[in-house]
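Okay, structure first, notes after.
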Ligand code: FE
Ligand code: FE
Ligand code: ZN
């Protein structure tokens with residue numbers, strides 16, 4: 001069985017360089033921030049750089065890669081100026097990503113602060129409606145959240161409610177973060193099958209496009225969002241194995257966001273590959 005596994009990489013050396021780095025650690029996918037994760041301008045890569053990455057991906061049978069939107073954005077901010085900035089930036093990102101066939105663009109659905117979950121969902125869906133128009137080959141992924149503060153997207157129902165409000169959701173999917181959903185109260189490590197069945201019932205497994213594979217520093221339901229190295233947190237290695245070998249997960253791009261440098265990522269990738277017969 002083929003597994004698609006990689007980790008978070010830095011874009012600072014360019015796009016082709018990320019492809020080469022992925023290869024060097026045994027990865028066939030990866031994730032990166034399109035710009036400084038705290039926001040700011042984008043450095044537009046040259047066509048040569050993009051095409052260099054595409055060639056590496058084709059020659060080495062890469063799964064789709066994941067671009068991550070800056071996490072300080074708030075697609076459901078009460079302030080229209082912040083929402084507009086989020087929207088404009090995400091559109092700029094999607095236009096760039098259209099140059100890399102079938103790329104995923106992952107974003108956090110935002111925090112409603114004091115507006116309430118319902119309004120948060122409405123505003124995030126509105127932001128999404130402005131972005132999907134620009135996505136032809138790109139698929140926009142809503143990330144499942146831990147529920148810290150007033151984050152929306154902490155339950156499958158909230159994610160479903162966002163998708164239901166998108167006019168054309170044909171290019172909208174979900175990225176399941178194992179640390180986040182465990183912190184959100186879904187016991188994915190022990191009740192893997194039941195949790196994925198619930199995902200299927202509420203959202204539909206056809207929407208599940210990618211996985212952020214992280215252990216958690218905190219217990220089930222803690223609503224904290226602190227990632228841990230595989231096997232050292234509350235999910236544990238047995239839980240991690242159950243997740244990545246589940247038929248609903250296998251074949252999807254799986255990206256590590258564990259607290260590691262490149263060498264640690266290489267070791268975790270090797271570990272994961274051992275679980276796949
Ligand atoms: Fe994220
Ligand atoms: Fe994540
Ligand atoms: Zn996280």
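The values are calculated or read from the model by the stated rules, or taken from the named source; none is laboratory data. Predicted, not measured: the structure shown is a model, and the values here were computed from it. Backbone-built Cβ (ideal geometry, glycine too); neighbour counts: all protein chains shown.
Quick check on the stretch 201-218: of everything there that is more than 16 Å from ligand 3 (Cβ to nearest atom) and outside any strand (DSSP E or B), which residue is nearest to the chain's Cα centre (by Cα)?
207
Are there any pairs, at least 6 apart or on different chains, whose C-beta atoms fall under 7 Å, with the first in the stretch 174-185 and within 12 Å of residue 196 (Cα to Cα) and in contact (Cβ under 8 Å) with a residue 60 or more places away in the chain and the second away from ligand 3 (no atom under 11 Å from the Cβ) and in a helix (DSSP H, G or I), and if so, which?
Within 7 Å, the pairs are 178/243.
Results for (1) over 22 Å from residue 108 (Cβ atoms); (2) assigned to a loop (DSSP other than H, G, I, E, B), shown as yes or no for each residue.
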position: 179; (1), (2): no, no
position: 189; (1), (2): yes, yes
position: 199; (1), (2): no, no
position: 220; (1), (2): no, yes
position: 237; (1), (2): yes, no
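So how many residues does the stretch 123-149 have that are within 16 Å of residue 69 (Cα to Cα) and under 16 Å from the mean Cα position of the chain (by Cα)?
Total meeting the criteria: 9.
Which of the residues belonging to the stretch 215-225 are in contact with a strand residue (DSSP E or B) (Cβ under 7 Å, 6 or more places away or on another chain) and farther than 14 Å from residue 186 by Cβ?
If the condition is that a residue be in contact with a strand residue (DSSP E or B) (Cβ under 7 Å, 6 or more places away or on another chain) and farther than 14 Å from residue 186 by Cβ, then 215, 217 are the ones that fit.
Within the stretch 150-173, can one find any residue that is under 15 Å from residue 67 (Cα atoms), at pLDDT 95 or above and under 14 Å from the mean Cα position of the chain (by Cα)?
Yes.
Taking the stretch 244-267 as the search range and keeping residues that are within 16 Å of ligand 3 (Cβ to nearest atom) and touching a helix residue (DSSP H, G or I) at 6+ places or on another chain (Cβ under 7 Å), which one is farthest from residue 175 (Cα to Cα)?
Checking each candidate, the answer is 260.
Check every one of the helices (runs of 4 or more DSSP H) wholly within the stretch 5-110 and list those with 1 or more residues that are within 18 Å of the chain's Cα centre (by Cα).
Because the criterion is at least 1 residues that are within 18 Å of the chain's Cα centre (by Cα), the helices (runs of 4 or more DSSP H) in the stretch 5-110 that meet it are 15-24, 80-97.
Might you check whether a residue that is within 16 Å of ligand 3 (Cβ to nearest atom), within 24 Å of residue 180 (Cα to Cα) and in contact with a helix residue (DSSP H, G or I) (Cβ under 6 Å, 6 or more places away or on another chain) occurs anywhere in the stretch 104-120?
yes
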